[in-house]
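Trainee: Can you read through this structure? Questions will come right after.
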Amino acid sequence: MKCPECDADLNIPEDAAVGEIVSCSDCGADYEISKKDGSTVEIKEAETVGEDWGE
Amino acid sequence: MKVGIVGASGYVGGEVVRLLLSHPEAEVSMVTSTKHVGEYLHRIHPSLKGFTELTFSELDYDKMSDNCDLVFTAVPHGTATEIVKAFYDRGMKIIDLSADYRLHNADDYTKWYGWEHPHPDYLSKSIFGVPELHRDKIKNAQLVSCPGCMAVTSTLALYPLIKNDLIDTDHIVVDSKIGSSGAGAGGTSGTQHAMRAGVIRPYKPAKHRHTGEIEQELSEIAGKKIKVSMSPHAVDVVRGILCTNHTFLKKEVDEKELWKIYRAEFGEEPFIRLIRDKNGLYKFPDPKFVVGSNFCDIGFDLDEDNNRLIALSASDNLMRGAAGSAVQNMNIMSGFDEKQGIMYSPLTPV
């Protein structure tokens, strides 16, 4: 599966479960596994908290 | 392979020696200095204590030609013109770290350096030492001129954008920050600790000399004359460069397309890392995470409201910006593994 953000190969472990967060090693985008049926996996963008630089 | 370093007492020369002393294919046989003849190398570069018993000698062209297969010249701008020519005429392979053979057009020396080049015929013999741009030419070169530290850092980030005709070539602004070692070991009142510590000094907001190199290389890629606006700043770090390259898009592009463009250009390059991470400490290139390495880290961000694409690049000015590039070029010229002696992970924290 490709990362929807940067198109890098997204590494999803075989034993990953629904609700688990996977992260793209290139761009760091986080995805939540929303559905898993055998080898078919669906992901959705995970909610992240933006960094506050305090400025 | 036996190598000599002319001007080994400066920061750049010292860094070349540091790398070569651990290089599996190189043997440092001679180091020269005008000020420290007879002195042990480690007295000037204390970090090299225990690695060599070499002493500085005077520059003797015949002796160096007899004892070395390749020579690095790391002398101040303007003084390498004669030295490089003398070695070239003796058939030596040379890697020059000064600016004296970087520019192809002799008129550019008058424009950017304020002096006339004494050997304009030799400028065409020199290959601009950026492997990502000129690897094939470097392989067979007798003379390679290493680029300016800010020039190479900026050019690498901009080059894929020009090559893919993505940006307005009339409006490119390079904002650079550079550490104190970029000023060299000579020193002026402005480089003393009291004046340098804590500084964020715009030291040449217009007409910096490295502009000429960036324009030369980008123009070559574009096939037309490109003008660049550059403003460097001295900041309070010892090593490191950050170039924030502001460009304006000619056509719409999204982040995924930019990843594709940069990956296509640099995906196989050993010393380029693409940095644009939504997580962790290191979201965009930052010189703090390249210190001691030969990497040039490149990233980008989009400002759609202003049609602006910001290409960011970071390097260690003494490594990728000087000695690391030089040794990488030596490896290529000599048929060695390109990564030998320079594939270090960066030193952190520093």
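Trainee: Please determine whether any residue of region B:210-226 is surrounded by fewer than 19 Cβ atoms within 10 Å (Cβ to Cβ), assigned to a strand (DSSP E or B) and at negative phi.
Mentor: No; the residues of region B:210-226 include none that is surrounded by fewer than 19 Cβ atoms within 10 Å (Cβ to Cβ), assigned to a strand (DSSP E or B) and at negative phi.
Trainee: Here is a further query. Just give me the residues in region B:167-202 being outside any strand (DSSP E or B), at pLDDT 95 or above, touching a strand residue (DSSP E or B) at 6+ places or on another chain (Cβ under 8 Å) and surrounded by 13 or more Cβ atoms within 10 Å (Cβ to Cβ), in sequence order.
Mentor: Scanning region B:167-202 gives B:171, B:172.
Trainee: Still on this structure, please answer the following. Write out, first by first residue and then by second, each pair whose Cβ atoms fall under 7 Å of each other, whose residues are 6+ apart or on separate chains, and whose first residue, in region B:100-123, is more than 13 Å from residue B:211 (Cβ to Cβ) while the second is surrounded by 15 or more Cβ atoms within 10 Å (Cβ to Cβ) and β-branched (Val, Ile, Thr).
Mentor: If the second residue must be surrounded by 15 or more Cβ atoms within 10 Å (Cβ to Cβ) and β-branched (Val, Ile, Thr), the pairs left are B:100/B:81; B:100/B:84; B:101/B:84; B:117/B:81; B:118/B:81; B:119/B:81.
Trainee: Going through region A:1-48 one residue at a time, which ones are in a loop (DSSP other than H, G, I, E, B) and either touching a residue at least 60 places away in the same chain (Cβ under 8 Å) or among the charged types (D, E, K, R) (or both)?
Mentor: First, the residues of region A:1-48 that are in a loop (DSSP other than H, G, I, E, B): A:1, A:3-8, A:10-20, A:24-29, A:38-39, A:46-48.
Correct list: A:5, A:7, A:14, A:15, A:20, A:26, A:47.
Trainee: Let me spell it out: the conditions are (1) over 19 Å from residue B:313 (Cβ atoms); (2) touching a Phe, Trp or Tyr at 6+ places or on another chain (Cβ under 9 Å); (3) not basic (Lys, Arg), and residue B:205 meets all of them except one. Which number is the exception?
Mentor: Of (1) over 19 Å from residue B:313 (Cβ atoms); (2) touching a Phe, Trp or Tyr at 6+ places or on another chain (Cβ under 9 Å); (3) not basic (Lys, Arg), only one is false for residue B:205: (2).
Trainee: For residue B:257, which of the numbered conditions (1) within 12 Å of chain A (Cβ to nearest Cβ); (2) within 18 Å of residue B:317 (Cα to Cα); (3) not small (Gly, Ala, Ser) fails to hold?
Mentor: The number of the failed condition is (2).
Trainee: Another question, if that's okay. Counting just the residues of region A:29-43 that are within 14 Å of chain B (Cβ to nearest Cβ) and buried (at least 18 other Cβ atoms within 10 Å of the Cβ), which one comes out nearest to residue B:280 (Cα to Cα)?
Mentor: A:29
Trainee: Say we look at region B:88-127 and pick out the residues that are touching a strand residue (DSSP E or B) at 6+ places or on another chain (Cβ under 7 Å) and in a loop (DSSP other than H, G, I, E, B); which of these is surrounded by the fewest Cβ atoms within 10 Å (Cβ to Cβ)?
Mentor: Of region B:88-127, the ones touching a strand residue (DSSP E or B) at 6+ places or on another chain (Cβ under 7 Å) are B:88, B:92-98, B:101-102, B:125-127.
Those left that are additionally in a loop (DSSP other than H, G, I, E, B): B:92, B:97-98, B:101-102.
Details: B:92: 19, B:97: 32, B:98: 23, B:101: 28, B:102: 27.
Top of the filtered list is B:92.
Trainee: Take the conditions modelled with pLDDT of 95 or more, assigned by TED's automatic domain parsing to the domain that holds residue B:88 and crowded, with 22+ Cβ neighbours inside 10 Å and apply them to residue B:130. Does it pass? Can you show your working first?
Mentor: Details: modelled with pLDDT of 95 or more: yes; assigned by TED's automatic domain parsing to the domain that holds residue B:88: yes; crowded, with 22+ Cβ neighbours inside 10 Å: yes.
Criteria met by residue B:130.
Trainee: Closer than 24 Å to residue B:324 by Cβ and within 14 Å of chain A (Cβ to nearest Cβ): which single residue out of B:221, B:272 fits that description? Please lay out each step first, then the result.
Mentor: Numbers: B:221 fails: within 14 Å of chain A (Cβ to nearest Cβ).
Exactly one residue qualifies, and that residue is B:272.
Trainee: So, one more: Among the residues of region A:14-24, what is the count of those that are more than 7 Å from chain B (Cβ to nearest Cβ) and either surrounded by 13 or more Cβ atoms within 10 Å (Cβ to Cβ) or within 14 Å of residue B:256 (Cβ to Cβ) (or both)?
Mentor: Of all residues in region A:14-24, those more than 7 Å from chain B (Cβ to nearest Cβ) come to A:14-22, A:24.
Next cut, either surrounded by 13 or more Cβ atoms within 10 Å (Cβ to Cβ) or within 14 Å of residue B:256 (Cβ to Cβ) (or both) only: A:16, A:20-22, A:24.
Residues that pass the stated criteria total 5.
Trainee: Identify the residue in region A:44-55 that is surrounded by 10 or more Cβ atoms within 10 Å (Cβ to Cβ) and within 11 Å of another protein chain (Cβ to nearest Cβ) and, among all such residues, is modelled with the lowest pLDDT.
Mentor: For region A:44-55, the residue satisfying everything is A:51.
Trainee: Still on this structure, I have one more. Identify the residue in region B:227-283 that is under 19 Å from the mean Cα position of the chain (by Cα) and free of Cβ contacts under 8 Å to residues at least 40 places away in the same chain and, among all such residues, is surrounded by the fewest Cβ atoms within 10 Å (Cβ to Cβ).
Mentor: Filtering region B:227-283 for residues that are under 19 Å from the mean Cα position of the chain (by Cα) and free of Cβ contacts under 8 Å to residues at least 40 places away in the same chain, the one surrounded by the fewest Cβ atoms within 10 Å (Cβ to Cβ) comes out as B:273.
Trainee: Given the residues B:313, B:325, which is the only one that is buried (at least 16 other Cβ atoms within 10 Å of the Cβ) and within 17 Å of residue B:95 (Cβ to Cβ)?
Mentor: Working: B:313 fails: within 17 Å of residue B:95 (Cβ to Cβ).
Unique residue meeting the criteria: B:325.
Trainee: For residues in region B:22-61 being in a helix (DSSP H, G or I) and touching a Gly at 6+ places or on another chain (Cβ under 9 Å), which is surrounded by the fewest Cβ atoms within 10 Å (Cβ to Cβ)? Give the steps one after another, and end with the answer.
Mentor: Step one: list which residues in region B:22-61 are in a helix (DSSP H, G or I), which gives B:41-44, B:46-48, B:61.
With the extra rule that they be touching a Gly at 6+ places or on another chain (Cβ under 9 Å), the set shrinks to B:41-42, B:44, B:47-48.
Values: B:41: 26, B:42: 16, B:44: 20, B:47: 9, B:48: 17.
Of everything passing the filter in region B:22-61, B:47 is surrounded by the fewest Cβ atoms within 10 Å (Cβ to Cβ).
The values are calculated or read from the model by the stated rules, or taken from the named source; none is laboratory data. Since this is a predicted model, take the numbers as computed values, not measurements. For neighbour counting, all protein chains shown are included, and Cβ atoms are generated from backbone atoms with ideal geometry for every residue, glycine included.
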